Amino acid sequence: MRISWPRIATVARREFLTTVRRKAFVFTVIGTPAYFAFVMWISSAGELKERSEVLRELSTVGVVDSSGLFRDAPMEFRTEVSAESNNMFAKRAPEGLVPATLFQTKIRPFDDFASGETALRAREISQLVVIPANYLESGRVRRYARTSSLFSSADKRAVASWLANGLVRGRVDSLLAARVSRPAELEQLFTLGKDGSFELKDNRREMLDFMVPFMFAMLLGVSIVLGGQYLLQGVAEEKESRILESLLCTVSPEELMAGKLFGLGAAGLLVVAIWAGVGATVVGPILLLAGVKLPAGLLLIALGYFLLGYLFYGSIMTGIGAVTGNMREAQQFSVWFTFLNFAPFIMITFLLGRPNAPLAVALSMFPPTAPGAMMLRLTAPSSAVPPWQIAASLALLAAAAWAALMASARIFRIGLLLYGKTPNLPEIIRWARQG
Amino acid sequence: MLEVREVLKSYDGRAVVNRVTFEVTPGEIFALLGPNGAGKTTLIRMITDILRPDSGTIRLDGRAIPERARNEIAYLPEERGLYRRPKAVETLAYYGELKGLSARRARESAQALLERVELSEWAMKPIQSLSKGMQQKVQLCTALIGDPRLLILDEPFTGLDPLNVQMFEELLTERRAAGATVLLSTHQMNKVEQLCDRALMINHGHMVLYGTVRDIRRRYSDHAVTLRTSSTLGTVPGVKSIVANNGEATLLLDSGTTPQSVLRALLDRNVDVESFALASLPLEDIFVKVVREGLGLDHGQSEAPTEHRTAEPALVGGGGR
């Protein structure tokens with residue numbers, strides 16, 4: 001089989017230019033990160049707002065104290081909410097740049113439950129806390145509220161802190177009383193690092209260290225799927241509109257497929273480059289301030305996974321496009337492979353929590369899930385992936401990509417000219433074997 | 001120029017092209033005929049290297065097709081489409097570049113072709129904004145760009161109005177004069193009679209007719225003459241029967257009678273002869289006869305003709321008339 005590289009280059013150039021000139025491409029480049037940013041902002045801002053709302057509504061708490069333990073308890077307490085805890089970059093910001101909000105809650109004692117309940121129903125108090133006589137032995141407290149927030153337990157923590165403070169107030173000095181109510185306010189956790197020494201655990205820093213490569217891995221996953229989808233769409237459209245037969249007289253199926261893989265792979269890479277470039281410009285200075293580094297080795301490994309992953313999925317998508325009759329049918333088949341590519345991201349908590357577990361290792365060796373699973377393992381805080389596993393995973397993915405490319409080229413040659421009938425699996429396997 | 005020898009292609013054990021052998025000589029317009037499902041498209045796909053034969057050889061100028069074909073063969077399939085969004089000139093230039101032209105040369109050729117088919121004003125319009133007829137002309141141009149030496153056209157006249165059919169016939173004639181060879185597959189038998197030098201007909205994958213169009217028509221003609229006259233015809237020696245229709249009569253001759261002796265007899269009787277010709281069946285009637293009666297089919301026992309020009313059309317398998 002003789003391959004003409006000028007013809008491949010012509011096909012690749014056309015595929016690339018046609019794709020990047022489409023409005024849908026521009027929409028993908030701008031719309032996808034905008035959507036993710038919006039979702040992240042909404043969830044982060046929403047959580048903070050919900051906590052603030054709960055504490056704002058907790059302006060007066062009624063207390064029915066049958067135990068008598070809280071006679072000397074403070075008649076008001078303050079709860080501080082800082083945006084810092086929700087903003088991974090705030091820790092690095094100069095002190096006071098991110099202002100805290102103080103919420104004040106007054107305590108109103110009641111002699112009995114009935115009068116407290118009446119006040120609660122009349123909206124004179126926000127919540128009612130009933131402390132039974134045997135509280136010291138049982139630890140039981142009943143709290144009554146008109147509504148309860150599904151997403152924040154800030155009110156529960158505030159009341160618990162007041163209870164702790166009230167229990168010891170007057171019995172110990174005020175400093176001790178404050179410490180009892182918030183015993184581990186400034187806890188420092190040291191964990192065993194990759195070099196064998198204990199390192200101070202910085203949650204926010206770890207979040208940053210994880211988020212940057214994770215987002216990078218996610219971008220690669222998206223670009224692999226994007227390139228694959230462009231291929232699927234292009235082949236299915238060409239087949240549906242009967243362009244291929246006249247084209248195949250001039251360019252061989254292998255040349256056509258190679259041109260499409262190169263051209264649309266370049267379009268996928270362009271998307272990643274734009275996102276990475278814009279991302280580096282926008283958050284790069286903040287990351288530099290925070291001292292976050294993206295190791296060059298990791299970037300190289302990611303590039304390897306992108307190229308091989310794209311070749312693997314792109315070949316499969318091309319084959320699907322060739323055997324199916326139209327775009328709708330093609331997408332029904334392709335969705336399963338897209339799911340496989342993103343499966344590791346669904347298991348993110350497992351892969352990050354136990355990156356060296358047998359299942360995590362297996363997922364990073366299995367070619368369809370290898371790009372996502374290995375990138376997540378490499379970015380996990382407690383990760384220590386042996387180099388041989390990276391090499392083995394890349395080798396397996398390369399072998400699978402080559403097999404997919406060869407099988408797909410054979411299926412492509414036959415499937416492109418088959419109209420009106422979608423072949424069954426045994427037929428497809430026969431084509432892949434015989435060509 | 002094109003040499004097809006003993007080509008066989010089977011699907012699921014059934015031969016769709018069964019040991020077909022023929023040659024197309026440089027500069028001729030060659031017809032590939034056959035009913036629907038006869039195996040024509042499969043045969044064309046093998047010539048264009050889209051499909052590979054199970055056995056047999058296909059050569060262009062004595063060399064295997066894959067080595068030469070890409071830039072020298074153009075194919076206009078029966079079922080054809082175009083990219084919808086690109087401009088007409090861009091679409092043609094793309095095909096030109098695939099045929100080995102430089103980007104600049106491809107664009108120049110595209111412009112020239114669009115001008116030739118009177119679409120230069122539409123060159124910068126997206127294909128989807130062109131009418132169906134205009135798109136059809138652009139499709140024809142995709143086959144013509146790059147000056148291919150062998151043009152394979154499958155039902156090229158479908159969808160064209162008479163004016164455009166005429167324009168396309170002129171284009172074919174021009175290409176032929178410039179040295180191109182044309183393999184034409186069509187069901188329009190009048191076009192075959194008008195344009196083609198030779199023809200091959202296949203049925204159920206078998207060759208059933210192969211030869212010059214004139215010889216095929218002569219061989220399948222009855223032993224008869226046609227006569228245009230204003231005189232009244234009585235009995236004519238050596239003539240079995242006379243069928244008169246609208247001033248033209250068909251005279252069926254006895255087996256020992258020659259057309260010359262009949263003409264002499266008519267003149268001797270002072271019949272006013274306006275025209276006198278050997279009767280021959282239209283190609284369409286021959287097509288119907290061969291397909292309907294299964295002539296030439298020998299269920300795989302055929303001996304395909306080896307000479308690329310035959311004085312008499314080869315009727316494989318002895319089906320006869």
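The values are calculated or read from the model by the stated rules, or taken from the named source; none is laboratory data. Everything numeric here is computed off the predicted structure, so don't read it as measured data. Heads up, the Cβs are rebuilt from the backbone with ideal geometry, glycines too, and the neighbour counts pull from every protein chain shown. These accessible areas exclude ligands, DNA and RNA; they are computed on the full protein's heavy atoms, side chains included. Shrake-Rupley method; radii C 1.70, N 1.55, O 1.52, S 1.80 Å.
Values as computed for the structure displayed
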| quantity | calculated |
| --- | --- |
| Filter result for residue B:64 (surrounded by fewer than 19 Cβ atoms within 10 Å (Cβ to Cβ), more than 7 Å from every other protein chain (Cβ to nearest Cβ), in contact with an Asp or Glu (Cβ under 8 Å, 6 or more places away or on another chain) and under 21 Å from residue A:5 (Cα atoms)) | no |
| Number of the exception - residue B:187 against (1) open to solvent by 30 Å² or more (accessible area, probe 1.4 Å); (2) assigned to a helix (DSSP H, G or I); (3) in contact (Cβ under 8 Å) with a residue 12 or more places away in the chain; (4) within 15 Å of residue B:285 (Cα to Cα) | (2) |
| Boolean, residue B:73 is at the interface with another protein chain (Cβ under 9 Å from one of its Cβ atoms), touching a Leu at 6+ places or on another chain (Cβ under 7 Å), surrounded by 23 or more Cβ atoms within 10 Å (Cβ to Cβ) and not charged (D, E, K, R) | yes |
| Complete set of residues in region A:4-22 that are within 11 Å of chain B (Cβ to nearest Cβ) and of a type outside the set (Ser, Thr, Tyr) | A:6, A:7, A:8, A:9, A:11, A:13, A:14, A:15, A:17, A:21, A:22 |
| Subset of region A:104-161 that is outside any loop (DSSP other than H, G, I, E, B) and of a type in the set (Asp, Glu) - its residue that is least open to solvent (accessible area, probe 1.4 Å) | A:155 |
| Matching residues in region A:219-272 - criterion: being part of a helix (DSSP H, G or I), within 14 Å of another protein chain (Cβ to nearest Cβ), closer than 14 Å to residue A:18 by Cβ and of a type in the set (Gly, Ala, Ser) | A:234, A:259, A:263 |
| Residues of region B:94-106 satisfying the condition of being in contact with a helix residue (DSSP H, G or I) (Cβ under 7 Å, 6 or more places away or on another chain) and outside any helix (DSSP H, G or I) | B:99, B:100, B:101 |
| Failed item, numbered, when residue A:385 is tested on (1) free of Cβ contacts under 8 Å to residues at least 60 places away in the same chain; (2) out of contact with any helix residue (DSSP H, G or I) (no Cβ under 6 Å at 6 or more places or on another chain) | (2) |
| Strands (runs of 3 or more DSSP E) (entirely within region B:210-299) containing at least 2 residues that are modelled with pLDDT of 80 or more and buried (at least 18 other Cβ atoms within 10 Å of the Cβ) | B:224-229, B:248-253 |
| Residue, farthest from the other protein chains (Cβ to nearest Cβ), within region B:76-120, restricted to residues that are within 20 Å of residue B:149 (Cβ to Cβ) and in contact (Cβ under 8 Å) with a residue 60 or more places away in the chain | B:76 |
| Complete set of residues in region A:162-187 that are buried (at least 17 other Cβ atoms within 10 Å of the Cβ) and in contact (Cβ under 8 Å) with a residue 24 or more places away in the chain | A:162, A:163, A:165, A:166, A:167, A:169 |
| Members of region A:54-67 that are open to solvent by 60 Å² or more (accessible area, probe 1.4 Å) and assigned to a helix (DSSP H, G or I) | A:56, A:57 |
| Condition check for residue A:338: open to solvent by 20 Å² or more (accessible area, probe 1.4 Å), in contact with a helix residue (DSSP H, G or I) (Cβ under 9 Å, 6 or more places away or on another chain) and either in contact (Cβ under 8 Å) with a residue 24 or more places away in the chain or closer than 30 Å to residue A:424 by Cα (or both) | yes |
| Single residue of region A:20-36 satisfying the filter (open to solvent by 60 Å² or more (accessible area, probe 1.4 Å) and not charged (D, E, K, R)) that is farthest from residue A:76 (Cα to Cα) | A:24 |
| Members of region A:5-19 found to be surrounded by 17 or more Cβ atoms within 10 Å (Cβ to Cβ) and either part of a loop (DSSP other than H, G, I, E, B) or out of contact with any Pro (no Cβ under 9 Å at 6 or more places or on another chain) (or both), listed by number | A:7, A:8, A:10, A:11, A:12, A:13, A:15, A:16, A:19 |
| Residue A:72, sole failed condition from (1) within 30 Å of residue A:41 (Cα to Cα); (2) modelled with pLDDT under 90 | (1) |
| Residues within region B:9-43 that are surrounded by fewer than 17 Cβ atoms within 10 Å (Cβ to Cβ), in contact with a Ser or Thr (Cβ under 6 Å, 6 or more places away or on another chain) and farther than 25 Å from residue B:190 by Cα, tallied | 0 |
| Region B:137-189, subset small (Gly, Ala, Ser) and out of contact with any Gly (no Cβ under 9 Å at 6 or more places or on another chain), residue nearest to the other protein chains (Cβ to nearest Cβ) | B:143 |
| Residue within region A:82-97 that is in a helix (DSSP H, G or I), modelled with pLDDT of 85 or more and among the hydroxyl-bearing types (Ser, Thr, Tyr) present | no |
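To keep it simple, each residue is scored yes or no on (1) outside any helix (DSSP H, G or I); (2) at pLDDT below 90.
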{"position": "B:84", "(1), (2)": "yes, yes"}
{"position": "B:92", "(1), (2)": "no, no"}
{"position": "B:108", "(1), (2)": "no, no"}
{"position": "B:121", "(1), (2)": "no, no"}
{"position": "B:134", "(1), (2)": "no, yes"}
